[in-house]
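Chemist: Sharing a structure with you now.
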Amino acid sequence: MSRLRNANKALKKIRERYGEKFSINDQKEICVGPIDVHIVVDGTTYKLGPYEIRCQKNVARYRKSAIKIYNINKYNSLNHPHISVYGSICFGNVRKLISSLHKNGDLDEVIDISVKFLNSYTDTNPYHRIDVFKTLYCKNCGEHTDDCNCGS
């Protein structure tokens, strides 16, 4: 099956899975979001806020910039530990798989893996460690300090 045919089928699957969260922007990127991100590390849940995944529809050639993830409402200028402030993603050992899927036009799988990736964390080479988020959350209610209403 051709890459273009795969990509067209993938677009249909993305539309079905993500409904109103799916769109295509002016730059011809597939956009999925907002995706609420919660990372659990050692029993602590970090609510990182809503993110948007942008994936280039052009599957002729995979480039590192073909997929970007942006924090929609950044708290204190912090981003996901594995995403740079420019939306560049450190996929780690999944990078080759993402590249292969994108080249084959399996964009729905690229999006699904990206959503799972957003809700994960490893200590291996993050842009910044998860520990920096600890000071941003209320110790009593667990909400971000900007959103906390518990009065502590």
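Laboratory data are not the source of any read-out in this text; all were calculated from the coordinates shown. Bear in mind that the values here come from a model prediction, so they are computed numbers and not experimental data. Reconstructed Cβ throughout: ideal geometry from the backbone, glycine too, with neighbour counts over all protein chains shown.
Chemist: Please list the non-local residues whose amide H lies under 5 Å from the amide H of Val41, H modeled 1.01 Å from N, same-chain partners needing a gap of 5 or more.
Modeler: Tyr46
Chemist: In which sequence would Cys150, Cys55, Cys90 go, from the one with the fewest C-beta neighbours within 10 Å to the one with the most?
Modeler: Listing Cys150, Cys55, Cys90 from fewest to most nearby Cβ atoms yields Cys150, Cys90, Cys55.
Chemist: Using the Karplus equation 6.51 cos²θ - 1.76 cosθ + 1.60 (θ = phi - 60°), what ³J(HN,Hα) coupling, rounded to whole Hz, does each residue of segment 116-123 give in order, writing x for Gly and Pro?
Modeler: Each residue of segment 116-123 in turn: 4, 4, 4, 9, 9, 8, 10, 6 Hz.
Chemist: Mean-square fluctuation check for the chain, GNM, Cα pairs under 10 Å: which of Ser100, Ser23, Ser114 is largest?
Modeler: Comparing Ser100, Ser23, Ser114 in the GNM, the peak value goes to Ser100.
Chemist: Moving on. Taking Cα extents along the principal axes in Å as the quantity of interest, determine which of (1) 44, 28, 23; (2) 58, 32, 25; (3) 41, 36, 32 was computed from the displayed structure.
Modeler: So the calculated entry is the one marked (2).
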